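Enquirer: I have a structure here, written as structure tokens, and I will follow up with some questions on it.
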Amino acid sequence: MNGNGVIEANDLTWEQTVEKSTIPVIVMFYTPTCPHCRTMEPYFREFSGEFAGKVVFARINLAESAWIGERYGVMSTPTFKFFCGGKPVQDLVGAVYPAILKKRIEEVLVHGKECAEKSTEIDYEISGYA
């Protein structure tokens, strides 16, 4: 974790950071060359302080961890995915208004667990070969 409360996740830390978290997690999928990612970064860090202890904030660099992005269907950056109980429950794509991002975080805090409990398990076999 860096000093701003945002965890830099990767292939090795993904399971522990996101899938086994006991509290909701918001993940910012980004690439270093993405200009919209740089636009959203300060807001993401600001919200990590505001919601500290209630939500885990993590980033994952798709240039280094492409498989995680493929696993969750990330098609562009930035993508913000919200996880509850280890399951993806919502997402936002692109440089959205910071107020919208904050509202989604608040909604996940209220409804995320309920949504995760009612969702079905995801089959992560992406190779297509049986």
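The values are calculated or read from the model by the stated rules, or taken from the named source; none is laboratory data. From a predicted model like this one, the values you see are computed outputs, not experimental measurements. Positions of Cβ are backbone-derived with ideal geometry, glycine not excepted, and every protein chain shown enters the neighbour counts. The area values use the complete protein model at the heavy-atom level, side chains included, leaving out ligands, DNA and RNA. Shrake-Rupley method; radii C 1.70, N 1.55, O 1.52, S 1.80 Å.
Enquirer: Once you charge only the Cβ atoms, +1 for Lys and Arg and -1 for Asp and Glu, what is the size of the charge dipole of the range 1-64 about its Cα centre, to the nearest 20 debye?
Expert: 160 debye
Enquirer: Along Cα→Cβ, 7 Å out, is where each label goes; now give me the distance between the ones at T31 and E15 in nm to one decimal.
Expert: Label at T31, label at E15, 2.8 nm between them.
Enquirer: Here's something else I'd like to know. So how far apart, in nm, are the two label points at E8 and A63 if each is 7 Å from Cα heading toward Cβ?
Expert: Spacing of the two 7 Å Cα→Cβ label points: 1.2 nm.
Enquirer: For R71 and V110, what is the calculated FRET efficiency with R₀ set at 35 Å and r taken between the beta-carbons, to the nearest 0.05?
Expert: Efficiency for this residue pair is about 0.85.
Enquirer: Roughly how many percent of the accessible protein surface of the range 5-102 is carbon and sulfur, given a 1.4 Å probe and a whole-percent answer?
Expert: That share works out to 56 percent.
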